[in-house]
Amino acid sequence: MIFFVLDLGLLGKIDLVQRTLSNWPLIAVDKSGLKSNCLYRLREGGQMLCRSRTTDVDTVVALVSGYEYPDFALRLEPRATVVDGGANIGAFIARLMQLNVEHAETFSIHAFEAHPGNYRQLLENLELNDWSHVVPQNAAITGRSGSVRLQESTRADSVRAVPGEGDLEVAGVALSDYWREGEIIDLLKLDIEGGEYAVFNNDYEILKSRVRRVVLEYHGNWNEPRVQGLLKRIRPDFEVDVIWIRPVHGVLVLRNRA
C-alpha cells in the first residue's frame, strides 16, 4: 500500500504544534535561546525536555503528532519487544506510550542513541516520564559490531555513524550480536541516517526470521539503485507500505510475511 503525507504549509505546522504541545507558546522562548532547556507538556500525556535553539522540539512535534510515522504501525500487543534505533531524545518512545497507554508499561523497549548529547537528553526524558521499562544504550545500531565514528552536523537529529574518519568515536552494535537467540522483536524502528543499508546487508537473516515489523526511514532518492535494491530484496519476505517519499529520504513500514 502507498500512503502520502502531504507537506504542511505554515498554518498546518502551527496547527500541528498546537495539537501536540499544551504549552506551545514556549517555542518562542526556545527558538530565541532565552533558556538553555525548555520543558514541553504533551497533550496526550507525558513531557519532553528539549534543548533550546536545536531541532529537538521540531522532532518532538513531528513524531508525537503522528505526522512522521503512521499510528497503525506503532500499535502493539501487551509485552511487546521494541528496538528503537536512532532514539534521539525519546520522542518516538513518547508516541509509543501514548498509542498503547493501557499496556505500554508491559513493553520491553531498547533505545539506541550513539550521540553523547542526544543520549544525555534521552536519559533525562526517560527519568522525567518514569519510563523505567526502557533500556537505554549509548551505541549505534550498525551492520557489524565495533567502534564507528560519528559524522556530526549542526542538526541534533541528523548525526551519522560512518566508517573511517569522523568527529567522534562511539560503539556500534549489530542486532545479531545484541539480541538473545530465539527472541522475537515485535517492532524495530530504524532512523539511522543511511546506516540502514549496512544493517539490511549484513544482518538480513535476523530481520526476516525474528522481526515482525519494521518502521524504516530510508535515506536517499527513491529512484537510487540502493533504495530500489533494498526494496527488491525485502519484498519476498516483507509486505511494504510506502508512507511517504521525499527527495532525499522517506518512510516505509515492513510487515513480516512469516
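For region 229-239, enumerate the residues that are under 14 Å from Glu196 (Cβ atoms) and either surrounded by fewer than 16 Cβ atoms within 10 Å (Cβ to Cβ) or aliphatic (A, V, I, L, M) (or both). Even if it seems obvious, please write down each step before you answer.
Keep residues of region 229-239 that are under 14 Å from Glu196 (Cβ atoms), which gives 229-231, 233-234, 238.
Within region 229-239, Gly229, Leu230, Leu231, Arg233, Ile234 meet the criteria.
Output the number of the condition that Ile192 fails; it satisfies all remaining conditions of (1) without any contact (Cβ under 8 Å) to a residue 60 or more places away in the chain; (2) out of contact with any Leu (no Cβ under 8 Å at 6 or more places or on another chain); (3) not in a strand (DSSP E or B); (4) not aromatic (Phe, Trp, Tyr).
Going through the list (1) without any contact (Cβ under 8 Å) to a residue 60 or more places away in the chain; (2) out of contact with any Leu (no Cβ under 8 Å at 6 or more places or on another chain); (3) not in a strand (DSSP E or B); (4) not aromatic (Phe, Trp, Tyr), Ile192 breaks only (1).
Scan region 241-258 for residues that are of a type in the set (Val, Ile, Thr) and outside any strand (DSSP E or B) and jot them down.
Just the residues of region 241-258 that are of a type in the set (Val, Ile, Thr), to begin with: 242-243, 245, 248, 251, 253.
Across region 241-258, the qualifying residue is only Val248.
Quick one: in region 22-54, which of the residues that are in contact with a helix residue (DSSP H, G or I) (Cβ under 7 Å, 6 or more places away or on another chain) and aliphatic (A, V, I, L, M) is nearest to Val64 (Cα to Cα)? I'd like the intermediate steps shown before the answer.
Filtering region 22-54 down to residues in contact with a helix residue (DSSP H, G or I) (Cβ under 7 Å, 6 or more places away or on another chain) leaves 24, 27, 30, 35, 38, 40, 42-53.
Checking which are aliphatic (A, V, I, L, M) leaves us with 27, 42, 48-49.
Working: Ile27: 16, Leu42: 8, Met48: 10, Leu49: 13 Å.
Result: Leu42.
Mind checking which pairs have a first residue in region 22-33 that is part of a helix (DSSP H, G or I) and a second that is open to solvent by 40 Å² or more (accessible area, probe 1.4 Å), Cβ under 6 Å, 6 or more apart or different chains?
Pairs found: Val29/Lys35.
Tally the residues that are in contact with a Lys or Arg (Cβ under 6 Å, 6 or more places away or on another chain), more than 18 Å from Arg120 (Cβ to Cβ) and open to solvent by 40 Å² or more (accessible area, probe 1.4 Å), restricting the search to region 30-60.
Residues meeting the conditions: 0.
State whether the residues of region 195-213 include one that is over 20 Å from the mean Cα position of the chain (by Cα) and assigned to a loop (DSSP other than H, G, I, E, B).
no
His110 - would you say it is in contact (Cβ under 8 Å) with a residue 24 or more places away in the chain, closer than 19 Å to Asp177 by Cα and not hydrophobic (A, V, I, L, M, F, W, C)? Walk me through how you get there before you give the answer.
Working: in contact (Cβ under 8 Å) with a residue 24 or more places away in the chain: yes; closer than 19 Å to Asp177 by Cα: yes; not hydrophobic (A, V, I, L, M, F, W, C): yes.
The answer is yes for His110.
Which residue out of Ala87, Ala111 is open to solvent by less than 10 Å² (accessible area, probe 1.4 Å) and assigned to a loop (DSSP other than H, G, I, E, B)?
Answer to the selection: Ala87.
List every residue pair whose Cβ atoms sit under 6 Å apart, with the two residues 6 or more apart in sequence or on different chains, where the first one lies in region 125-136 and is closer than 14 Å to Asn88 by Cα and the second, anywhere, is β-branched (Val, Ile, Thr) and not in a helix (DSSP H, G or I).
From residues that are closer than 14 Å to Asn88 by Cα, the pairs are Asn125/Ile89; Leu126/Val134; Val134/Ile109.
The values are calculated or read from the model by the stated rules, or taken from the named source; none is laboratory data. Here the structure is a predicted model, which means the values were calculated and not measured. Positions of Cβ are backbone-derived with ideal geometry, glycine not excepted, and every protein chain shown enters the neighbour counts. In case anyone asks, the SASA skips ligands and DNA or RNA and just uses the protein heavy atoms, side chains included. Shrake-Rupley method; radii C 1.70, N 1.55, O 1.52, S 1.80 Å.
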